[in-house]
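Q: I have a structure here, written as structure tokens, and I will follow up with some questions on it.
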Amino acid sequence: MPVLENFQTNEVELPEIKENEVLLEAMYFSVDPYMRGRMNDAKSYAPPFEIGKPIAGGVVAKVLKSNSPDFKENDWVTGNLPWQQHCVLPAAGLIKIDTTIAPASYYLGLLGMPGFTAYFGLMHIGKPKAGETVVVSGAAGAVGMVVGQIAKLHGCRVVGIAGSDEKVKLLKETFDFDEAINYKTTADIKKSITDACPKGVDIYYDNVGGEISDAVISQINFHARIVLCGQIALYNSTEIPMGPRLQPMLLTRSVLMQGFIVSNYQSKFTEGFNHLSAWLKEGKLIYKETVVKGFDKLPGALLGLFEGDNIGKMIVEA
Ligand code: NDP
């Protein structure tokens, strides 16, 4: 588990803005579990962070000055930007956002990477059908709360697993989940899942891995789909953990288990955006954020993801 002492804040001189560059003021920062993976010096789909250089991630910013024909002062933009209050960057790679569709911070959540992750993982791998039972772990987080609501929109029975009574109440009362389980207080997670899923599990949207997933997969139905989205319970592991050998069960029940990275679907992001923004506008999707205030709170907010500090998408307002 990383600690606050792993982070450092520095003041730097900003360079002059050259042609096709912009000066940005960061407004909202996204903290995401995958950032923990980038702290490992290991080969992965994204390169490791470099010690002494700013962390980079999803940021929503305002253009203060522009030397680019594509952006003007006061435009709202998003992109993979450094954790800096201000920065001078090439305009290429920035995306203009429309704050009349949704508040700017939503472009780091529902209308950004986590929303697309929920949509494509569930719709393209899970392929929900009315009447099926969908279990989602990490259910009250940025991805999980969207997965459950989309599954409900498709007529599924939805069971969420989360780490507090407050989250369980939210899932059932606000998001209309059929059942929700607090994995931290249940005496027997396997029994809780069996009770919540009398017809077994047709789709398991896995955000957490570990023992929670072992318990859900033990209830998996014939022809079920396991959407392997995240394994946050294992991100701080220093050794490969040992668990049940699942292959015989997956084999005999003809189960599909597929991992994915949201960027696999980059060419289809417009499809995701159109669906998610339409459901938001029609009031069919409810969206929650935990907004931590202050640039200096970024490291604590990132670490807080591993303690379950957030309900919905964790955002830091600069
Ligand atoms: P969340 O908003 O869900 O925040 C993380 C949550 O994980 C916490 O609030 C906490 O909730 C839960 N958690 C933390 N530690 C554990 C643990 N040991 N066991 C069980 N639950 C734990 O994050 P996101 O929605 O952004 O991401 C969810 C998952 O999806 C992550 O694993 C992430 O890496 C993955 N992901 C994958 C993507 C892809 O392209 N494949 C893209 C985006 C995200 P609680 O109180 O319930 O414990």
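The values are calculated or read from the model by the stated rules, or taken from the named source; none is laboratory data. Predicted model, so just to flag it, every value in this text is computed and none were measured. Neighbour counts run over all protein chains shown; Cβ positions are idealised from the backbone, glycine included. Side chains are part of the model used for accessible areas, which takes the heavy atoms of the whole protein and leaves out ligands, DNA and RNA. Shrake-Rupley method; radii C 1.70, N 1.55, O 1.52, S 1.80 Å.
Q: For Asn264 and Thr186 in one chain, what is 0.36 nm times their gap in residues minus the Cα-Cα distance, to one decimal in nm?
A: On the way: separation 78, 0.36 × 78 = 28.08 nm, distance 3.60 nm.
This chain segment gains 24.5 nm when fully extended.
Q: While we're on this one: Which cross-chain or sequence-distant (5 or more) residues have an amide H under 5 Å from the amide H of Phe260, H modelled 1.01 Å from N in plane?
A: Amide H to amide H, under 5 Å and 5 or more residues apart or across chains, Phe260 pairs with Leu228.
Q: Remind me, what semi-axes does the chain give for its equivalent ellipsoid, largest first in whole Å, using sqrt of 5 times each Cα gyration tensor eigenvalue? Intermediate values should be presented prior to the final figure.
A: On the way: eigenvalues 255, 94, 61 Å².
Semi-axes from the Cα gyration tensor: 36, 22, 17 Å.
Q: What is the gain in length, in nm to one decimal, between Leu250 and Phe295 on full extension, counting 0.36 nm per residue of separation less the C-alpha to C-alpha distance?
A: Residue separation times 0.36 nm, minus the Cα-Cα distance, leaves 11.6 nm.
Q: When every alpha-carbon pair in the range 201-246 is counted, what percent end up more than 14 Å apart? Could the numbers behind the result be given before it?
A: On the way: 510 of 1035 pairs.
It works out to 49 percent of all Cα pairs.
Q: So what J values fall out for the range 107-116 if you push phi through Karplus, 6.51 cos²θ - 1.76 cosθ + 1.60 with θ = phi - 60°, rounded to Hz, Gly and Pro as x?
A: Rounded to whole hertz, the list is 6, 9, x, 3, 9, x, 3, x, x, 5.
Q: If you don't mind, another one. Rolling a 1.4 angstrom probe over the protein heavy atoms, how many square angstrom per residue are accessible across the range 225-296? Spell out each step's value before the answer.
A: Values: 4710 Å² over 72 residues.
So the range 225-296 comes to 65 Å² accessible per residue, rounded to a whole number.
Q: At 1.4 Å probe size, with every protein chain present, just tell me what the per residue accessible area of the range 1-155 comes to in Å².
A: Working: 7660 Å² over 155 residues.
Spelled out: the 1.4 Å probe surface of the range 1-155, per residue, equals 49 Å².
Q: Sum up the charges of everything whose Cβ sits under 14 Å from the Cβ of Val63, counting Lys and Arg as +1 and Asp and Glu as -1, but leave Val63 out.
A: Details: positive: Lys62, Lys65, Lys72, Lys96; negative: Glu21, Glu25, Asp70, Glu73, Asp75.
Every neighbour counted, the sum reads -1.
Q: Mind checking the angle between helix 269-281 and the chain's longest principal axis? C-alpha axes, 0 to 90 degrees, to the nearest 10.
A: It is inclined by approximately 80 degrees.
Q: For Ile97, Ile240, give the ranking by accessible area with the largest first, probe 1.4 Å.
A: Values: Ile97 20, Ile240 160 Å².
Correct descending sequence by accessible area is Ile240, Ile97.
Q: Each residue of the range 206-223 in turn: what ³J(HN,Hα) in whole Hz from Karplus with 6.51, -1.76, 1.60 and θ = phi - 60°, glycine and Pro shown as x?
A: After applying 6.51 cos²θ - 1.76 cosθ + 1.60, I find 9, 9, 10, x, x, 5, 4, 5, 4, 5, 5, 5, 5, 9, 6, 8, 4, 6 Hz.
Q: Check cross-link reach from Lys127 to the aspartates and glutamates: straight Cα distance under 16 Å, and skip same-chain residues fewer than eight apart.
A: Straight-line reach from Lys127, under 16 Å: Asp202, Asp206, Glu271.
Q: For the range 25-135, taking Cα atoms only, what is the radius of gyration to one decimal and the Dmax to the nearest whole Å?
A: 16.8, 54
Q: Can you return the aspartates and glutamates within cross-link range of Lys65? Criterion is Cα-Cα under 19 Å, with same-chain partners fewer than 8 residues away left out.
A: Correct list for Lys65: Glu13, Glu16, Glu19, Glu21, Glu25, Glu73, Asp75, Asp98.
Q: Once you compute Rg and the Kirkwood Rh from C-alpha atoms, what is the Rg to Rh ratio for the range 163-318? Show your work: numbers first, answer last.
A: On the way: Rg = 17.6 Å, Rh = 18.1 Å.
Rounded to two decimals, Rg/Rh equals 0.98.
Q: If you don't mind, another one. Where is the GNM fluctuation largest for the chain (alpha-carbon springs, 10 angstrom cutoff): Gly230, Gly141, Gly37?
A: Answer for the Gaussian network model of the chain: Gly37.
Q: Please compute the net charge surrounding Ile220, taking Lys and Arg as +1 and Asp and Glu as -1 over other residues with Cβ under 13 Å from its Cβ. Don't jump to the answer; show the numbers that get you there.
A: Values: positive: Lys190, Lys199, Arg225, Arg253; negative: Glu132, Asp202, Asp206, Asp214.
That works out to 0.
Q: Of the accessible area of the chain, with the probe set at 1.4 angstrom, what percent is carbon plus sulfur? If you can, show how the numbers build up before the last one.
A: Numbers: 8270 of 16100 Å².
Here it works out to 51 percent.
Q: Please check: in the Gaussian network model of the chain (C-alpha springs, under 10 Å), which one of Pro33, Pro48, Pro241 has the largest mean-square fluctuation.
A: Its mean-square fluctuation being the largest, the pick is Pro241.
Q: Would you list, by chain and number, the lysines whose Cα falls below 27 Å from the Cα of Lys184, excluding same-chain residues fewer than 8 positions away?
A: Cα-Cα hits under 27 Å: Lys152, Lys167, Lys169, Lys172, Lys199, Lys288, Lys297, Lys313.
Q: While we're looking at this one, here's another question. How much solvent-accessible surface does Met257 expose, in Å² to the nearest 10, with a 1.4 Å probe and all protein chains in place?
A: Approximately 80 Å² for this residue.
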